[in-house]
Amino acid sequence: GIIAALSLERIERLPAFLWSGLYVGAANAAVGAIFRVLERNTDMVTWAQMLAAAMGNGALSGLLALGSVFIFGKLFGITTSLELLDLARPTHPLLKKLLLQVPGTYHHSLIVSQLAEQAAQRVGADSLLVRVGAYYHDVGKMNDPQSFVENQLDGINIHDTLEPKASAQIVIEHVSKGSVLAKRYGLPNRLIDFIPQHHGTTLAAYFHR
């Protein structure tokens with residue numbers, strides 16, 4: 001049990017369950033072998049049965065762990081690594097919508113996710129959660145894509161013709177609109193938290209100046 005827990009730690013890829021099962025099987029086989037040696041048991045059939053049972057137990061443990069993480073995560077509302085891996089798919093409806101409607105923001109989010117993931121790894125944070133959170137942090141821009149520079153492919157910035165307060169309001173509102181959209185698509189709260197937290201609540205200094 002200790003070996004399984006230590007080998008999984010943060011689950012960022014599904015093969016982690018396979019490797020954990022192999023480690024458990026190897027640990028089982030090692031303990032079984034110690035007892036057989038102490039008993040001076042040289043019966044090859046007994047050894048083969050023991051090794052088969054040890055590795056079979058490890059494989060079954062990995063499969064049960066994989067299934068139970070999914071079931072208990074859904075049951076108790078826990079954002080598991082498996083759910084994050086599912087939400088990281090480019091084919092997820094909200095990410096797909098982001099790509100089709102605001103490709104500039106989609107590309108920006110991918111770049112942010114790479115930077116954030118590396119930073120999370122350096123400080124020991126949950127890099128998978130950070131990466132997936134970065135994918136969705138700017139979904140609120142879909143309501144008004146041309147108001148954000150990464151989508152202004154024609155070089156025309158609408159903020160040049162707006163009052164500073166109006167410009168600031170448009171930029172600030174993409175946060176609240178993003179939270180609403182994320183809830184509508186059923187994103188877990190741990191991911192929705194990234195949306196209001198990525199800007200802060202202080203003065204919108206650029207527009208103020």
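Being of a type outside the set (Phe, Trp, Tyr), under 15 Å from the mean Cα position of the chain (by Cα) and in a helix (DSSP H, G or I) is the filter here, so list the residues in the stretch 65-81 that pass it.
Result: VAL69, GLY73, SER81.
Taking ARG40 as meeting all but one of (1) closer than 26 Å to GLY186 by Cα; (2) not in a helix (DSSP H, G or I), write down the number of the exception.
The one condition ARG40 does not meet is (1).
Just wondering, is there one or more residues in the stretch 45-59 that are over 30 Å from GLN146 (Cβ atoms), aromatic (Phe, Trp, Tyr), open to solvent by 80 Å² or more (accessible area, probe 1.4 Å) and part of a helix (DSSP H, G or I)? Show your work before the answer.
Start the filter on the stretch 45-59 by keeping residues that are over 30 Å from GLN146 (Cβ atoms), which leaves 45-59.
Filter again for aromatic (Phe, Trp, Tyr), leaving 47.
Then keep just the ones that are open to solvent by 80 Å² or more (accessible area, probe 1.4 Å); that gives none.
No, the stretch 45-59 contains no residue that is over 30 Å from GLN146 (Cβ atoms), aromatic (Phe, Trp, Tyr), open to solvent by 80 Å² or more (accessible area, probe 1.4 Å) and part of a helix (DSSP H, G or I).
Can you tell me which residue is surrounded by the fewest Cβ atoms within 10 Å (Cβ to Cβ) among those in the stretch 119-129 that are within 19 Å of ASP193 (Cα to Cα) and without any contact (Cβ under 8 Å) to a residue 24 or more places away in the chain? Show your work before the answer.
At the first step, the residues of the stretch 119-129 found to be within 19 Å of ASP193 (Cα to Cα) are 119-120, 125-129.
Going one step further and asking which of them are without any contact (Cβ under 8 Å) to a residue 24 or more places away in the chain, we end up with 119-120, 125.
Details: ALA119: 12, ALA120: 18, ALA125: 14.
This residue is ALA119.
For the stretch 1-44, name all the residues that are open to solvent by 80 Å² or more (accessible area, probe 1.4 Å) and among the aromatic types (Phe, Trp, Tyr).
TRP19, TYR23, PHE35 - these are the residues of the stretch 1-44 that are open to solvent by 80 Å² or more (accessible area, probe 1.4 Å) and among the aromatic types (Phe, Trp, Tyr).
Can you tell me which residue among ASN151, ASN143 is modelled with pLDDT under 95 and open to solvent by less than 50 Å² (accessible area, probe 1.4 Å)? If you could, list the steps in order and put the result at the bottom.
Numbers: ASN143 fails: open to solvent by less than 50 Å² (accessible area, probe 1.4 Å).
Testing whether each residue is modelled with pLDDT under 95 and open to solvent by less than 50 Å² (accessible area, probe 1.4 Å) leaves just ASN151.
Evaluate the following for ILE156: is it over 22 Å from the mean Cα position of the chain (by Cα) and either open to solvent by 40 Å² or more (accessible area, probe 1.4 Å) or on the phi < 0 side of the Ramachandran plot (or both)? Let's see the steps before the verdict.
Numbers: over 22 Å from the mean Cα position of the chain (by Cα): yes; either open to solvent by 40 Å² or more (accessible area, probe 1.4 Å) or on the phi < 0 side of the Ramachandran plot (or both): yes.
Spelling it out, ILE156 is indeed over 22 Å from the mean Cα position of the chain (by Cα) and either open to solvent by 40 Å² or more (accessible area, probe 1.4 Å) or on the phi < 0 side of the Ramachandran plot (or both).
If you go through the stretch 130-145, how many residues are in a helix (DSSP H, G or I) and either within 21 Å of ALA205 (Cα to Cα) or charged (D, E, K, R) (or both)?
The initial filter retains those residues of the stretch 130-145 that are in a helix (DSSP H, G or I), namely 130-136, 139-143, 145.
Now narrow it down to the ones that are either within 21 Å of ALA205 (Cα to Cα) or charged (D, E, K, R) (or both): 131, 140-141.
The qualifying residues number 3.
Identify the single condition in (1) buried (at least 19 other Cβ atoms within 10 Å of the Cβ); (2) within 21 Å of SER176 (Cα to Cα); (3) out of contact with any Asp or Glu (no Cβ under 8 Å at 6 or more places or on another chain) that ALA116 does not satisfy, given that it satisfies every other one.
With respect to (1) buried (at least 19 other Cβ atoms within 10 Å of the Cβ); (2) within 21 Å of SER176 (Cα to Cα); (3) out of contact with any Asp or Glu (no Cβ under 8 Å at 6 or more places or on another chain), ALA116 is out only on (2).
For the stretch 104-113, which residues satisfy the criterion of being free of Cβ contacts under 8 Å to residues at least 24 places away in the same chain and surrounded by fewer than 16 Cβ atoms within 10 Å (Cβ to Cβ)?
If we filter the stretch 104-113 for residues that are free of Cβ contacts under 8 Å to residues at least 24 places away in the same chain, which is where we start, we get 106, 111, 113.
If the condition is that a residue be free of Cβ contacts under 8 Å to residues at least 24 places away in the same chain and surrounded by fewer than 16 Cβ atoms within 10 Å (Cβ to Cβ), then ILE111 is the only one that fits.
Restricting to the stretch 60-79, what's the tally of residues that are surrounded by fewer than 16 Cβ atoms within 10 Å (Cβ to Cβ) and in contact with a helix residue (DSSP H, G or I) (Cβ under 9 Å, 6 or more places away or on another chain)?
The first filter runs over the stretch 60-79 and keeps only residues surrounded by fewer than 16 Cβ atoms within 10 Å (Cβ to Cβ), leaving 60, 63-64, 67-68, 70-72, 74-78.
Narrowing further to those that are in contact with a helix residue (DSSP H, G or I) (Cβ under 9 Å, 6 or more places away or on another chain): 60, 63, 70, 74, 77-78.
Final tally of qualifying residues: 6.
For residues that are of a type in the set (A, V, I, L, M, F, W, C) and open to solvent by 40 Å² or more (accessible area, probe 1.4 Å), scanning just the stretch 171-190, find the one that is farthest from ALA204 (Cα to Cα). Before you say what the answer is, go through the steps one by one.
First pass over the stretch 171-190, keeping only residues of a type in the set (A, V, I, L, M, F, W, C): 171-172, 175, 180-182, 187.
Keeping just the survivors that are open to solvent by 40 Å² or more (accessible area, probe 1.4 Å) gives 172, 180.
Details: ILE172: 8, VAL180: 22 Å.
The residue in question is VAL180.
Being farther than 30 Å from ILE170 by Cβ, assigned to a helix (DSSP H, G or I), more than 15 Å from the chain's Cα centre (by Cα) and free of Cβ contacts under 8 Å to residues at least 24 places away in the same chain, is that true of even one residue in the stretch 82-100?
Checked against the condition, which is being farther than 30 Å from ILE170 by Cβ, assigned to a helix (DSSP H, G or I), more than 15 Å from the chain's Cα centre (by Cα) and free of Cβ contacts under 8 Å to residues at least 24 places away in the same chain, the stretch 82-100 yields no hits at all.
The values are calculated or read from the model by the stated rules, or taken from the named source; none is laboratory data. A quick note: this is a predicted structure, and the numbers were derived from the prediction, not measured. No Cβ is skipped: glycine too gets one built from the backbone with ideal geometry, and neighbour counts run over all protein chains shown. For the accessible areas, the whole protein counts, side chains as well, though only heavy atoms, and no ligand, DNA or RNA atoms are used. Shrake-Rupley method; radii C 1.70, N 1.55, O 1.52, S 1.80 Å.
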